[in-house]
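**Student:** Structure incoming, see below.
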Amino acid sequence: MSDRFESKVALVTGGSNGLGRAITQALTSEGARVGILDLQESEVFANNENVLTVVGDVADPETVRKAFDTVIARWGGVDLLVNDAAAYPNTLVVDMPVEEWRRVFEVNASGTFVCCQTFAQHRLARGGGGKIVNITTGSARSPRPAGSAYAASKSAIETLSNTLAMELGPHGINVNVVAPGYIDVRGWTEAFPDRASDDLRARLVNSIPLGVAGRPMDIAHAVLFLLSDVAGHISGAVLAVDGGSGAGRFGLQP
């Protein structure tokens, strides 16, 4: 592995499981020190001196600020931010309690907003510079039934990211998005590893032109690219990592 993130400090929300775990692992393997904000601590990083976990809810602004303060106190600052924490219920609109809708937006949209705001304030106080990558979904542009809250909240994050790219660009802060398609996180998470049936997984793979499900490290590699110096002139971009599933109606065969 390279050391391209040597001396860098990152904060990854949702870093204990799934895509966040892969991102954390990839960052530390390339020299970064990583603070995690998650509802639980992962045993995977229990003995890793380069990972510090703050257990808490990203939907609570005070918890977000505590996470930043804790990481800054340990390592002196935060250079990189990855917003991966998310709530994603499967509920039809006609059945969804308002409280569930609000919870999804509190975690996904408001949590990301507060993390970005806190990071930007911290970086501006240091004279600028830094990078943000927000994790969204192909569903932001191609939603599915029973996924209204998740898709809508992720669309909000993409619009927020574009606005942040304009506002923070003059201060040397890059803001980009990685939008995963279907990623098989089995083996990378202890949180809801079996939430998709085998039939659903097969149908999702059938909608991917490359013919295989994505892997968590596919997302991690994309995130690290956007966080790296070689992506220095990329900001306000949405990088789809979906095996081509967003290219068109592949399932409608000729």
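The values are calculated or read from the model by the stated rules, or taken from the named source; none is laboratory data. Because the structure is predicted, anything quoted here is derived from the model rather than measured. Positions of Cβ are backbone-derived with ideal geometry, glycine not excepted, and every protein chain shown enters the neighbour counts.
**Student:** Could you tell me which numbered condition A32 fails, if it satisfies all but one of (1) touching a helix residue (DSSP H, G or I) at 6+ places or on another chain (Cβ under 8 Å); (2) within 16 Å of K131 (Cβ to Cβ); (3) of a type in the set (A, V, I, L, M, F, W, C)?
**Tutor:** (1)
**Student:** Another question, if that's okay. Among the numbered conditions (1) out of contact with any Gly (no Cβ under 9 Å at 6 or more places or on another chain); (2) modelled with pLDDT of 95 or more, tell me where V177 comes up short.
**Tutor:** Only one criterion is unmet by V177, namely (1).
**Student:** Out of all the residues in segment 126-162, which are touching a strand residue (DSSP E or B) at 6+ places or on another chain (Cβ under 7 Å), among the small types (G, A, S) and surrounded by 18 or more Cβ atoms within 10 Å (Cβ to Cβ)?
**Tutor:** G130, G138, A140, S161, listed by residue number.
**Student:** To continue, here is another question. Look at segment 205-254 and say how many of its residues are in a helix (DSSP H, G or I), in contact (Cβ under 8 Å) with a residue 40 or more places away in the chain and over 14 Å from the mean Cα position of the chain (by Cα).
**Tutor:** The qualifying residues number 3.
**Student:** In addition: Within segment 21-36, track down each residue that is more than 12 Å from D218 (Cα to Cα), touching a residue at least 60 places away in the same chain (Cβ under 8 Å) and in contact with a strand residue (DSSP E or B) (Cβ under 7 Å, 6 or more places away or on another chain). Give the steps one after another, and end with the answer.
**Tutor:** Initially, segment 21-36 is screened for residues more than 12 Å from D218 (Cα to Cα), giving 21, 24-25, 27-36.
Those still in the list that are touching a residue at least 60 places away in the same chain (Cβ under 8 Å) too: 21, 25, 27, 30.
Within segment 21-36, L27 is the sole residue that qualifies.
**Student:** Output the residues belonging to segment 22-69 that are in a loop (DSSP other than H, G, I, E, B) and either of a type in the set (S, T, N, Q) or in contact with a Pro (Cβ under 8 Å, 6 or more places away or on another chain) (or both).
**Tutor:** Q40, S42, N47, N48, N50, listed by residue number.
**Student:** So, in segment 171-222, how many residues would count as being surrounded by fewer than 21 Cβ atoms within 10 Å (Cβ to Cβ), touching a Ser or Thr at 6+ places or on another chain (Cβ under 9 Å), hydrophobic (A, V, I, L, M, F, W, C) and under 26 Å from D38 (Cα atoms)?
**Tutor:** Residues flagged as surrounded by fewer than 21 Cβ atoms within 10 Å (Cβ to Cβ), touching a Ser or Thr at 6+ places or on another chain (Cβ under 9 Å), hydrophobic (A, V, I, L, M, F, W, C) and under 26 Å from D38 (Cα atoms) within segment 171-222 amount to 1.
**Student:** Working carefully through the options L81, L168, find the one that is of a type outside the set (F, W, Y) and not in a helix (DSSP H, G or I).
**Tutor:** L81
**Student:** Say we look at segment 119-167 and pick out the residues that are more than 14 Å from the chain's Cα centre (by Cα) and of a type in the set (K, R); which of these is farthest from N83 (Cα to Cα)?
**Tutor:** Residue satisfying both the conditions and the ranking: R144.
**Student:** Would you call V94 within 30 Å of P143 (Cβ to Cβ), in a helix (DSSP H, G or I) and at pLDDT 95 or above?
**Tutor:** Numbers: within 30 Å of P143 (Cβ to Cβ): yes; in a helix (DSSP H, G or I): yes; at pLDDT 95 or above: yes.
Against the criterion (within 30 Å of P143 (Cβ to Cβ), in a helix (DSSP H, G or I) and at pLDDT 95 or above), V94 qualifies.
**Student:** Out of A152, A156, I need the residue that is closer than 23 Å to I23 by Cα, small (G, A, S) and in contact with a helix residue (DSSP H, G or I) (Cβ under 9 Å, 6 or more places away or on another chain). Which one?
**Tutor:** Working: A152 fails: closer than 23 Å to I23 by Cα.
The unique qualifying residue is A156.
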